[in-house]
Amino acid sequence: MKAKGCYRYYSTQRPIGIGSYPKPAGNKVLNIKNFDARKMVPEIFRPAWGYIEYEYPLGDDQLRRYELVKPEKLYVDLSTGEVVTRSEMLELFAEMFDGDDPTNALGWQEYFMEV
């Protein structure tokens, strides 16, 4: 099990209510927030009705079964100011430095910043 913290998941299909979210044993719900209306959420790149936060992360099966969406981390390309997802950031970094450049001792943190 991952570290105790606050793990947020967005509900894209319906407001969060009775029977619309998992209640795993030993994983306390910390917060439920329903929006006044469905709204665009930048962290998931689509509209959602609200979010729920848990003490520990949910499994992929629970996310699928309850149609919850885990937000992606976002990064800023320091050279262009463009905001990208982690997978896009890693792809851009791989294009810039394919690992064959012996002078590249720097990591992606020198070119991208987590937001």
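What follows is calculated from the coordinates using simple rules that are stated; it is not laboratory data. As the structure is a prediction and not an experimental result, all values here were calculated from the model. Please note: Cβ atoms are built from the backbone with ideal geometry, for glycine as well, and neighbour counts cover all protein chains shown.
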| Around E82, which amide H atoms from residues at least 5 apart in sequence, or from another chain, sit under 5 Å from its own amide H, with H modelled in the peptide plane? | D77
| How about region 1-30: which trypsin sites (Lys or Arg not before Pro) there lie in a loop by DSSP and see at most 13 other Cβ atoms within 10 Å? | K2, K4, K28
| request: Report, in degrees rounded to the nearest 10, the 0 to 90 angle that the Cα long axis of helix 86-96 makes with the longest principal axis of the chain. | output: 10
| field | Relative contact order for the chain, counting Cα pairs under 8 Å that sit 6 or more residues apart, in percent | value | 27
| request: Report which label in [x] 17.6, 56; [y] 19.3, 74; [z] 26.2, 87 holds the value of Rg and Dmax of the Cα atoms in Å derived from the coordinates of this structure. | output: [x]
| request: Identify all lysines with a Cα-Cα distance to K39 below 24 Å; exclude those on the same chain that are fewer than 8 residues away in sequence. | output: K70, K73
